[in-house]
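> This is the structure I want to talk about, given as structure tokens.
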Amino acid sequence: MPIGRPEFNNPEFNNNDAKITFVGHSTTLVEMSGVRVLTDPIFRDKFRLLRRRSRVCTKCIDVGTLDAVVLSHMHFDHMDYPSLAMIPREVPIVAPVGAGRYLKRKVGHDVVEMKVGQTIRIGAMDIHATPSVHDSGFYWPLWYPKSVLSFVFDASHTVLFVGDTALFEDLRDVGRRFDIDVAMLPVWGVGPYLRGHHMTPAEAAEALSLLSARTAIPIHWGTIHPAVPGWKDMPFLTEPPHLFARESARRAPMTEVRVLSPGESTIIRAASEEDSLFESLGIRSAPSEVVPA
Ligand SMILES: [Zn+2]
Ligand SMILES: [Zn+2]
């Protein structure tokens, strides 16, 4: 089913490279094949009992040229009505089944509901809904739908965005079904302790070994924290991606880990013939390239 606006072909992003920006927490911007998709937008500095460590630059994201917003689930660190209201109404929201009636009432965007196994198309990009295991945790209001999705964005590259999840064996099937260029994996929670179904950095590295991705970008870290004085610089805000990189070197040595700070972008180059030759020999190589926002 095609969705999105007809003028999606932004020439700036319509080449064979993919650009990925870690805006912060689970908010990422994926740009490839002329399509721009934003995940789980959280733009506010203060919300509920949480605080943001660094300002987010909504102008840099240029929400006016987005083709879609994708929501993994209805936890408040992923679905924030005031942040969604900052995005023009013409931009459709893709969300798990059951979320549409709540979103429609609050923000007025068109909502496309998806469940695991479904695919939609936006311009040159297919968006596939894939599973997450995250059935615990506090939802407010309590009657919010509890379905949780991950998504594969498939265009010039294949990019996996994983919503909150525990480590689960079926990730291996996702890795078998898709030839993943980039896996964006959550490596922490929100506070100093992990609660509910989240992955430790070591578990995220284990997940990476099941997925067999070429490149990994750790997300869901370093951005927001409980509003407790002195917690802004606690180790739980800085250490998880580096622990993840260290564990991944051991458990998924074929995958290059790129640690982006909130606000940084990276370019994933089109695979060259040379890369293909290396891959046929079982060697994966891609130069690191991190671009500050
Ligand atoms: Zn969650
Ligand atoms: Zn979360």
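The values are calculated or read from the model by the stated rules, or taken from the named source; none is laboratory data. Note that the coordinates shown come from a computational prediction; the quantities given were computed from them, not determined experimentally. Cβ coordinates were reconstructed from backbone atoms using ideal geometry, including for glycine residues, and neighbour counts include every protein chain displayed.
> Which one of these is within 15 Å of residue 32 (Cβ to Cβ) and either surrounded by fewer than 20 Cβ atoms within 10 Å (Cβ to Cβ) or modelled with pLDDT of 90 or more (or both): 156, 136? Walk me through how you get there before you give the answer.
Details: 136 fails: within 15 Å of residue 32 (Cβ to Cβ).
Result of the check over 156, 136: 156.
> Moving to a separate point now. So is residue 149 surrounded by 17 or more Cβ atoms within 10 Å (Cβ to Cβ) and either within 20 Å of residue 247 (Cα to Cα) or among the basic types (Lys, Arg) (or both) or not?
Against the criterion (surrounded by 17 or more Cβ atoms within 10 Å (Cβ to Cβ) and either within 20 Å of residue 247 (Cα to Cα) or among the basic types (Lys, Arg) (or both)), residue 149 does not qualify.
> Shifting gears a bit: Sort out which residues of the stretch 65-76 are within 14 Å of ligand 2 (Cβ to nearest atom) and crowded, with 21+ Cβ neighbours inside 10 Å, and write them in order of number.
Initially, the stretch 65-76 is screened for residues within 14 Å of ligand 2 (Cβ to nearest atom), giving 71-76.
Residues satisfying the conditions are 71, 72, 73, 74, 75.
> Working only within the stretch 73-86, note down all residues that are in a loop (DSSP other than H, G, I, E, B) and under 24 Å from residue 146 (Cβ atoms). First the steps, then the outcome.
As a first pass, look at the stretch 73-86 and keep what is in a loop (DSSP other than H, G, I, E, B): 73-80, 86.
Correct list: 73, 74, 75, 76, 77, 78, 79, 80.
> Inspect the stretch 217-228 for any residue being under 17 Å from the mean Cα position of the chain (by Cα), surrounded by fewer than 18 Cβ atoms within 10 Å (Cβ to Cβ), away from ligand 2 (no atom under 16 Å from the Cβ) and part of a loop (DSSP other than H, G, I, E, B) and give the result as yes or no. Reasoning before the result, please.
Step one: of the stretch 217-228, the residues under 17 Å from the mean Cα position of the chain (by Cα) are 217-224.
Imposing the further condition that a residue be surrounded by fewer than 18 Cβ atoms within 10 Å (Cβ to Cβ) reduces the set to none.
Looking through the stretch 217-228, none of the residues is under 17 Å from the mean Cα position of the chain (by Cα), surrounded by fewer than 18 Cβ atoms within 10 Å (Cβ to Cβ), away from ligand 2 (no atom under 16 Å from the Cβ) and part of a loop (DSSP other than H, G, I, E, B).
So that you can scan it fast, the table gives a plain yes or no per residue for (1) farther than 20 Å from residue 216 by Cβ; (2) hydroxyl-bearing (Ser, Thr, Tyr); (3) more than 13 Å from the chain's Cα centre (by Cα):
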residue: 129; (1), (2), (3): yes, no, no
residue: 133; (1), (2), (3): no, no, yes
residue: 140; (1), (2), (3): yes, no, yes
residue: 149; (1), (2), (3): no, no, no
residue: 152; (1), (2), (3): no, no, no
residue: 155; (1), (2), (3): no, no, yes
residue: 166; (1), (2), (3): no, no, yes
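> Taking the stretch 180-196 as the region of interest, how many residues are within 14 Å of residue 216 (Cβ to Cβ), in a loop (DSSP other than H, G, I, E, B) and within 13 Å of ligand 2 (Cβ to nearest atom)?
Qualifying residue count, the stretch 180-196: 1.
> Of 104, 115, which residue is without any contact (Cβ under 8 Å) to a residue 40 or more places away in the chain, under 27 Å from residue 168 (Cβ atoms) and surrounded by fewer than 21 Cβ atoms within 10 Å (Cβ to Cβ)?
115
> Here's something else I'd like to know. Can you tell me which condition residue 141 does not meet? The list is (1) assigned to a loop (DSSP other than H, G, I, E, B); (2) within 15 Å of ligand 2 (Cβ to nearest atom); (3) over 15 Å from residue 38 (Cβ atoms), and all the others hold.
All conditions are met except number (2).
> Suppose we filter the stretch 43-83 for residues that are more than 23 Å from residue 113 (Cβ to Cβ) and within 16 Å of ligand 1 (Cβ to nearest atom); how many remain?
4
> From 261, 276, which residue is at pLDDT below 90, of a type in the set (S, T, N, Q) and surrounded by fewer than 19 Cβ atoms within 10 Å (Cβ to Cβ)? I'd like the intermediate steps shown before the answer.
Details: 261 fails: at pLDDT below 90.
Only one candidate passes the filter, namely 276.
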